[in-house]
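Q: Take a look at this one; I'll ask things after.
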Amino acid sequence: MPDSSPALPSLTLPEIGSATDTVLETLVAHWHEFEPQHSEDGLAGKVCDLHQFNFLLWHEEDIARSPDVTDAKIAAVKRAIDKYNQARNDAIEKVDDWLIQDLANRGITAEDDAPAATETPGAAIDRLSILELRRYHMREQLERDDASQEHREKVAQKMVILDQQRDHLITSLDRLLQEIFSGQRPLRVFRQMKMYNDPAMNPYLYKSTSNPVV
């Protein structure tokens with residue numbers, strides 16, 4: 001079956017919470033039928049990149065928890081998880097970097113003493129991405145034919161909480177972006193500085209004779 005990419009809403013700043021969530025929810029469902037890829041650019045492209053890495057990471061972690069896979073497969077999955085997690089963290093920063101450039105293009109700056117939020121928009125979108133993955137898979141549990149009534153009732157209760165959390169995240173993301181784009185808050189990127197994949201930083205890598213530091 002050919003991949004017919006779904007129509008996605010545009011992300012118009014500063015209020016993008018609901019549109020972003022629609023993009024994430026739509027792609028989760030689509031990518032369970034087709035290869036996870038997209039053709040978006042701009043801010044939407046950065047968001048889709050982040051979502052794609054979370055999607056790939058989620059399913060590798062599912063494999064890692066299976067008791068039926070071999071040790072060799074677990075090792076391969078672990079390396080894939082490390083790769084996708086590094087890409088995910090880079091993608092969070094790229095969302096924020098795109099927003100910082102957009103703010104500069106608009107000439108929007110906050111006062112020097114304006115308080116920064118503890119979470120960036122990129123980090124909030126990352127949480128929303130993971131939440132949509134969780135909602136999709138929780139809904140799968142709700143629709144299982146082989147599940148007991150008790151199981152479905154427990155899942156239904158969890159779905160209520162997940163929906164509430166989604167609504168809270170959307171509202172909080174919009175409020176944060178409104179404050180940033182009105183100059184009430186600065187957007188300061190929190191660099192992750194991940195060390196475990198860096199052959200010059202991870203002692204198990206730089207002490208290996210096969211990975212000399214240059």
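The values are calculated or read from the model by the stated rules, or taken from the named source; none is laboratory data. Keep in mind that what you see is a predicted model, and the values were worked out from it rather than measured. Backbone-built Cβ (ideal geometry, glycine too); neighbour counts: all protein chains shown.
Q: Could you pull out the residue among Leu133, Leu43 that is in a helix (DSSP H, G or I), free of Cβ contacts under 8 Å to residues at least 60 places away in the same chain and not aromatic (Phe, Trp, Tyr)? Reasoning before the result, please.
A: On the way: Leu133 fails: free of Cβ contacts under 8 Å to residues at least 60 places away in the same chain.
Exactly one residue qualifies, and that residue is Leu43.
Q: Right, here's the next one. Which of the residues belonging to region 154-175 are of a type in the set (Lys, Arg) and either exposed (fewer than 12 other Cβ atoms within 10 Å of the Cβ) or without any contact (Cβ under 8 Å) to a residue 12 or more places away in the chain (or both)? Quick ask: steps written out before the conclusion?
A: Here is the first cut: in region 154-175, the ones of a type in the set (Lys, Arg) are 154, 158, 166, 175.
Correct list: Lys154, Arg175.
Q: OK, next. Just a yes or no: is a residue in region 57-77 over 22 Å from the mean Cα position of the chain (by Cα), of a type in the set (D, E, K, R) and farther than 24 Å from Trp31 by Cα?
A: yes
Q: Next up: Return the residue satisfying two criteria in turn: it lies in region 1-46 and is among the acidic types (Asp, Glu) and closer than 27 Å to Ile100 by Cα, and of such residues it is surrounded by the most Cβ atoms within 10 Å (Cβ to Cβ).
A: From region 1-46, those among the acidic types (Asp, Glu) are 3, 15, 21, 25, 33, 35, 40-41; that's our starting set.
From what's left, closer than 27 Å to Ile100 by Cα: 15, 21, 25, 40-41.
Working: Glu15: 16, Asp21: 22, Glu25: 18, Glu40: 17, Asp41: 9.
Within region 1-46, the match that is surrounded by the most Cβ atoms within 10 Å (Cβ to Cβ) is Asp21.
Q: Take the conditions more than 25 Å from Asp163 (Cβ to Cβ), assigned to a helix (DSSP H, G or I) and among the basic types (Lys, Arg) and apply them to Arg88. Does it pass? Steps first, please.
A: Numbers: more than 25 Å from Asp163 (Cβ to Cβ): no; assigned to a helix (DSSP H, G or I): yes; among the basic types (Lys, Arg): yes.
No.
Q: Shifting gears a bit: Can you tell me which of (1) modelled with pLDDT of 95 or more; (2) under 14 Å from the mean Cα position of the chain (by Cα); (3) farther than 18 Å from Ala19 by Cβ is the one Gln86 doesn't meet?
A: Unmet condition: (1).
Q: To continue, here is another question. Considering only residues that are out of contact with any Leu (no Cβ under 8 Å at 6 or more places or on another chain) and surrounded by fewer than 15 Cβ atoms within 10 Å (Cβ to Cβ), which ones fall in region 118-136? Quick ask: steps written out before the conclusion?
A: Of all residues in region 118-136, those out of contact with any Leu (no Cβ under 8 Å at 6 or more places or on another chain) come to 118, 123, 130, 133, 136.
Scanning region 118-136 gives a single hit, Thr118.
Q: I would also like to ask the following. Within the group Glu153, Glu119, which residue is of a type in the set (Asp, Glu) and either part of a helix (DSSP H, G or I) or more than 21 Å from Cys48 (Cα to Cα) (or both)?
A: Details: Glu119 fails: either part of a helix (DSSP H, G or I) or more than 21 Å from Cys48 (Cα to Cα) (or both).
Result of the check over Glu153, Glu119: Glu153.
Q: Pick from region 157-192 the residues that are of a type in the set (Gly, Ala, Ser) and at negative phi: which of them is nearest to the chain's Cα centre (by Cα)?
A: Per the stated criteria, the residue is Ser172.
Q: I'd like to verify a number: residues in region 47-80 that are within 17 Å of His137 (Cβ to Cβ) and either among the β-branched types (Val, Ile, Thr) or touching a strand residue (DSSP E or B) at 6+ places or on another chain (Cβ under 8 Å) (or both), how many?
A: Number satisfying all stated conditions: 1.
Q: Please list, ordered by first then second residue, the pairs with beta carbon atoms under 9 Å, 6 or more apart or interchain, first in region 86-112 and closer than 19 Å to Ala44 by Cβ, second among the β-branched types (Val, Ile, Thr) and assigned to a helix (DSSP H, G or I).
A: Ala91/Val47; Ile92/Ile125; Val95/Val47; Val95/Ile125; Leu99/Ile180; Leu103/Ile180
Q: Then there's this: Among the numbered criteria (1) part of a helix (DSSP H, G or I); (2) under 23 Å from Arg166 (Cβ atoms); (3) out of contact with any helix residue (DSSP H, G or I) (no Cβ under 8 Å at 6 or more places or on another chain), which one does Ile100 miss?
A: All conditions are met except number (2).
Q: In the set Thr120, Thr109, which member is under 16 Å from Gln178 (Cα atoms), in contact with an Asp or Glu (Cβ under 9 Å, 6 or more places away or on another chain) and among the β-branched types (Val, Ile, Thr)?
A: Numbers: Thr109 fails: in contact with an Asp or Glu (Cβ under 9 Å, 6 or more places away or on another chain).
The match here is Thr120.
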